[in-house]
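Accompanying notes for the structure given below.
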Amino acid sequence: MEKVVRENIEINPINGFTFIGDPGCDGLGVEIMSIFNAACHEASGDFMLIGGDIVPNGTTHYYKNVMEMTDAVIDKPVYVLPGNHDTLDYESFFGLKNYFLYNSRLLIIVLDNSKRVFSQETLDLLQRALAYERDNIVLTFHIPPPNKITKNSVSTEEWDKVLTLISALKEKVKFILCGHIHSYFEDDVNGIKLIATGGGGARIEEVEGIEAPYYHFVEFSFDSNGVLNYSRKPVSFSKAPSVPLPVLKSLEKAFAGECQAYMRYRIYAEDALRNNKPGLAKLFYAASDSELYHARNFFYSMNHVKSSLEAVSESIANESEEINDIYLNALHLARQQGAGLAAYAFQDARSAESVHLRLFKEAESTLAALPDVPEKQYSTCTSCGYTITDIDSIKFCPVCGAPADKLLAVEKI
């Protein structure tokens, strides 16, 4: 990661660069950092530009954490824009808040508007940068200018200060790049293409009139005619590097342990409630929730997150193995050993997994042709775990006979 110590930085002739927005303002947990990590590995630009909010707040240890991880996973220059979360120690780690990058055909101007204003210092830098006139000028700052999509922008009065300075060269200003909005949209702002992208790790926001994107970054590259083009790229975890085998084994063991602890604490919590100990139940529920997030973090750390179709295909293989091998063999063994309750549990599980297998196979077929499967109302038997898609037509669980009040609808997350 680069610390900018001078306002004008000459860069070698490049084929392109990568812009990624808002990786850290929702915290630097493993899930978020795994998204940013995957994007860093997949990015093909000659350098990366982070559109602000690399940390949740600008205190020293957050900067140190994100810099250590970034330096470990990316071997190309990384430049940072100041965002509204990048406060306090920003300049100690990243240097100047206003600067520009240039070569013979490209001028990228980084402006600080993290406080929703373009200060006189920022405007003076812009004016000096424009003296390096190039055929491709890119303005970058964190909070978008006034636009037709969102009101979460700088004021018209503030934007007019910039517009006045760039008016003579406006036809050469090809793009305005911003973050701040945790979504993705494009707009035309005073005849300039605006790209607002905040899909680098923070939670995706609902923006009216905009279809919520997946986590993403934007690649810019020159074509054979010297035209600067762009494309949005979804983050793909499959392209992150494999984890060293000894580390992977440790992560798998930790993941399995946390999953078991999650269920164990939930069961203890339920039993505490039956024993009229609500205080103890809450303690066990709290511990259970914690283990769930630990397990999630270890799973992300293993780079095991798959694309939608890959996840379904993997699930089909796992369900088939459980039905035809693991649980079937376990069922026979339990019967041979006279372990009736265990045999009963394995039989119930096989029945439930057979439904999962059918549903996943249907989903796999659908996803081969369509972007998503039809949204259905699923219910789960809280007694045996059977999955039900036609709850209105049954009065009790077809596997264990549990009454309808134990068949709970799966709520949309």
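The values are calculated or read from the model by the stated rules, or taken from the named source; none is laboratory data. Note that the structure is a prediction, hence the values are computed from the model and not measured. Note that we place each Cβ from the backbone using ideal geometry, even for glycine, and neighbour counts take in every protein chain shown. In case anyone asks, the SASA skips ligands and DNA or RNA and just uses the protein heavy atoms, side chains included. Shrake-Rupley method; radii C 1.70, N 1.55, O 1.52, S 1.80 Å.
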Practice problem: Scan the chain and report its longest stretch carrying no trypsin sites (Lys or Arg not before Pro) that are both in a DSSP loop and have at most 14 other Cβ atoms within 10 Å. | Solution: 204-375
Quiz item: Residues of the chain: accessible area per residue at 1.4 Å, in Å²?
Solution: 51 Å²
Self-check item: the chain: angle of helix 340-367 to the longest principal axis, Cα-based, in degrees nearest 10
Solution: 40 degrees
Quiz item: Once you charge only the Cβ atoms, +1 for Lys and Arg and -1 for Asp and Glu, what is the size of the charge dipole of the stretch 1-144 about its Cα centre, to the nearest 20 debye?
Solution: 280 debye
Quiz prompt | Within the stretch 117-181: Cβ-based charge dipole about Cα centre, in debye rounded to nearest 20 (Lys, Arg +1; Asp, Glu -1) | solution = 240 debye
Quiz item: Which far-off residues, 5 or more places away or on another chain, put their amide H under 5 Å from the one on ILE192, with H placed in the peptide plane?
Solution: none
Quiz prompt | Links that overshoot a 30 Å alpha carbon limit, given the list LYS151/LYS239; LYS233/LYS361; LYS97/LYS193; LYS148/LYS174; LYS170/LYS233; LYS64/LYS97 | solution = LYS151/LYS239
Quiz item: Any idea what % of Cα-Cα pairs in the chain are farther than 39 Å?
Solution: 35 percent
Practice problem: Excluding residues fewer than 8 places away in the same chain, name every one of the aspartates and glutamates whose C-alpha is closer than 19 Å to that of LYS277. | Solution: ASP289
Quiz item: By how many degrees, 0 to 90 and rounded to 10, does the Cα axis of helix 278-301 deviate from the longest principal axis of the chain?
Solution: 60 degrees
Practice problem: Using only Cα atoms, locate the centre of the stretch 48-84 and the centre of the stretch 221-276, then give the distance between them in Å, rounded to an integer. | Solution: 21 Å
Practice problem: Express the relative contact order of the chain as a whole percentage, based on alpha carbon pairs under 8 Å and six or more residues apart in sequence. | Solution: 13 percent
Exercise. List, in order, the whole-Hz ³J(HN,Hα) value for each residue of the stretch 123-134 obtained from phi through the Karplus relation with A = 6.51, B = -1.76, C = 1.60 and θ = phi - 60°; use x for Gly and Pro.
Key: 5, 5, 4, 4, 5, 5, 5, 5, 5, 8, 3, 9
Quiz item: When the accessible area of the chain is split by element with a 1.4 Å probe, what percent falls to carbon and sulfur?
Solution: 52 percent
Self-check item: Of every Cα-Cα pair in the stretch 134-233, the percent that sits beyond 22 Å
Solution: 31 percent
Quiz item: Out of PHE19, HIS294, SER114, whose Cα points farthest toward the positive end of the dipole of the chain (charges: +1 Lys, Arg; -1 Asp, Glu; placed on Cβ)?
Solution: HIS294
Quiz prompt | Unit charges at the beta carbon, dipole of the chain: most positive-side option, TYR214, GLY58, LEU407 | solution = LEU407
Quiz prompt | At most 12 other Cβ within 10 Å, DSSP loop - GluC sites (Glu not before Pro), the stretch 174-259 | solution = GLU206, GLU208, GLU211
Quiz item: In debye to the nearest 20, how big a dipole does the stretch 260-411 give about its Cα centre with +1 on each Lys and Arg Cβ and -1 on each Asp and Glu Cβ?
Solution: 600 debye
Self-check item: Shape category assigned to the stretch 255-388 from the gyration tensor of Cα positions, a/c cut at 1.5
Solution: oblate
Practice problem: Starting from the Cα gyration tensor of the stretch 83-180, multiply each eigenvalue by 5, take the square root, and state the resulting semi-axes largest first in whole Å. | Solution: 20, 18, 12
Quiz item: So what does the Cα-only Debye profile of the stretch 1-158 read at q = 0.16 Å⁻¹, as log10 I(q)/I(0), no solvent term?
Solution: -0.93
Exercise. Note down the relative contact order for the stretch 102-233 as a percent, whole number, built from C-alpha pairs under 8 angstrom at least six residues apart.
Key: 18 percent
Exercise. Enumerate the aspartates and glutamates that LYS282 could reach by cross-link, defined here as Cα to Cα under 20 Å, with residues fewer than 8 away along the same chain left out.
Key: GLU258, GLU270, ASP271, GLU291
Exercise. Using all C-alpha to C-alpha distances in the stretch 308-374, build P(r) with 5 Å bins and read off the rounded percent in each one.
Key: 3, 19, 23, 17, 13, 10, 7, 5, 3, 1
Practice problem: Kindly state, as a whole number, the per residue volume in cubic angstrom of the convex hull around the alpha carbon atoms of the stretch 105-161. | Solution: 85 Å³
Quiz prompt | Mean Cα-pair separation over length for the stretch 346-413, i.e. relative contact order, pairs under 8 Å, 6 or more apart, % | solution = 31 percent
Quiz item: Hey, how much of the P(r) for the stretch 177-316 falls beyond 26 Å, as a percent of Cα pairs?
Solution: 52 percent
